[in-house]
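Let me give you the structure first, and then I'll get to my questions.
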Amino acid sequence: MEDYTVKSVDKACHLLEVVSRYPQGIAITELATQVDMYKSTVHRLLTTLLRRGYIEQDERTGKYKLGYALLDLGMKLLSSIDLRAEAAVPLRELADFSNEIVHLALLERGEIVYIDKVESDNTTRMHSRIGKRVPVHSTSLGKVILAYLPVSEAREILNQNERIQMTDHTIVQEDELLAEIERVKERGYAFDLEENEIGVCCIAAPIFDHANNVVAACSVSGPSSRMTTERLHAMIPVVIASAKRISNRLGHGVLTEEMRTRV
């Protein structure tokens, strides 16, 4: 197979990859050694990358580190990410593993909106469909999203929306809900124990974006006859892992705290 690699571009990419390992910067001599290039070659490449903003040089130490032009490119990529598309494979695999219904949902105007649903071979009929809105206070999806919002924002959402007693198990008192939400944040997941629909239990985990904001949640739902306490607890690591996979696809964890302050 013919090699169409442009050597100078390949060297520049290699340079960026090595520099990325040194958030405090790296001296040109050490950099030349690590990339196995002449110092003069490295200097020419760095000069070009500096001009484009992909590399910055510390005026005090003379060391080189990544420039914020790279962050700008990364942000453009992140802003183009489609949540449903990125979540599709993890949701399908979660449905296959659990053999139950899997939901992807987000918070909109104080309600939970299902934006995707994956059926399984073992599916029991549920009153859910893509686009349907359900209360935030009575669902595992709602509680887990509220848990990762600022407390003041979560309280405002709870106060601005009617907390309907969906079943005998629904928590409607504000102080009890806030205490439950705090427990959810400590655990990293939320249960719905027939709180939204009699005979249905769910477990949900949060999904985060590149800026560490909770943007959605995914859940596994099934009949209480199958989703027993033991099975719900066995599903905890699986649901959390699926949510983390989706979060990673959205760029969660790719920005340092310093970068987030510059966005």
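The values are calculated or read from the model by the stated rules, or taken from the named source; none is laboratory data. Since this is a predicted model, take the numbers as computed values, not measurements. Counting neighbours? That spans all protein chains shown, and the Cβs are built from the backbone with ideal geometry, glycine included. All accessible areas refer to the heavy atoms of the entire protein, side chains included, with ligands and DNA or RNA removed. Shrake-Rupley method; radii C 1.70, N 1.55, O 1.52, S 1.80 Å.
Where does the charge balance sit around residue 95 when Lys and Arg score +1, Asp and Glu -1, over other residues with C-beta under 12 Å from its C-beta?
-4
With the cut-off at 1.5 for a/c, could you classify region 140-232 from its C-alpha gyration tensor as rounded, prolate or oblate?
Because a/c hits 1.5 or more and a/b fails to exceed b/c, region 140-232 counts as oblate.
For the chain, with all protein chains present and a 1.4 Å probe, just round the carbon and sulfur fraction of the accessible area to a whole percent.
Exposed carbon and sulfur together represent 50 percent of the surface.
Sticking with this one: For residue 247, what charge total do you get from the other residues with a beta carbon under 10 Å from its beta carbon, if Lys and Arg give +1 and Asp and Glu give -1?
Numbers: positive: 244, 245, 249; negative: 86, 209.
Every neighbour counted, the sum reads +1.
Averaging sequence separations of C-alpha pairs under 8 Å and six or more residues apart, then dividing by the length of region 109-176, give the relative contact order as a whole percent. Numbers along the way, then the final one.
Details: 54 pairs, mean separation 21.1, N = 68.
Here the relative contact order equals 31 percent.
At 1.4 Å probe radius, can you tell me the per residue accessible area of the chain in Å²?
For the chain, the per-residue accessible area is 55 Å².
Would you be so kind as to identify which of 151, 12, 139 lies farthest towards the positive end of the dipole of the chain, taking Lys and Arg as +1 and Asp and Glu as -1 on Cβ and the Cα centre as origin?
12
OK, next. Run lengths n ≥ 4 of DSSP H only: what is the helix-derived mean residue ellipticity at 222 nm for the chain, with -39500 (n - 2.57) per run over all residues, to the nearest 500?
That comes out to -14500 deg cm²/dmol.
So what J values fall out for region 6-13 if you push phi through Karplus, 6.51 cos²θ - 1.76 cosθ + 1.60 with θ = phi - 60°, rounded to Hz, Gly and Pro as x?
8, 4, 5, 5, 4, 5, 5, 5
Taking the Cα centre as origin and putting +1 on Lys and Arg beta-carbons and -1 on Asp and Glu beta-carbons, what dipole magnitude results for the chain, to the nearest 20 debye?
980 debye
Moving on to the next point. For residue 185, list the lysines whose Cα falls under 30 Å from its own Cα; do not include residues on the same chain fewer than 8 positions away.
117, 132, 143, 244
If you don't mind, there's one more thing I want to ask. Could you give each residue of region 34-45 its phi-based ³J(HN,Hα) in whole Hz, using Karplus coefficients 6.51, -1.76, 1.60 with θ = phi - 60°, and x for Gly or Pro?
5, 8, 6, 10, 5, 4, 5, 5, 4, 4, 5, 5
Please give the net charge around residue 121, taking every other residue with its beta carbon less than 11 angstrom from that of residue 121, where Lys and Arg add +1 and Asp and Glu add -1. The partial results should precede the final answer.
On the way: positive: none; negative: 96, 100, 119.
Every neighbour counted, the sum reads -3.
The list (1) 47, 21, 14; (2) 32, 25, 15; (3) 25, 22, 17 gives values of semi-axes √(5λ) of the Cα gyration tensor in Å, and only one came from this structure; which label was calculated from it?
Matching the structure shown: (1).
Along each of the three principal axes of the Cα atoms of region 7-78, give the extent in whole Å, ordering the values from largest to smallest.
Answer, in whole Å and largest first: 35, 32, 21 Å.
Below 19 Å Cα-Cα, how many Lys pairs turn up in region 7-78? Only count pairs eight or more apart in sequence, or on different chains, if you could.
Going through region 7-78 pair by pair, I get 6.
Among 160, 62, 213, pick out the residue whose Cα is farthest towards the positive end of the charge dipole of the chain, where Lys and Arg carry +1 and Asp and Glu carry -1 on C-beta, about the Cα centre.
The residue sitting farthest along the positive end of the dipole is 62.
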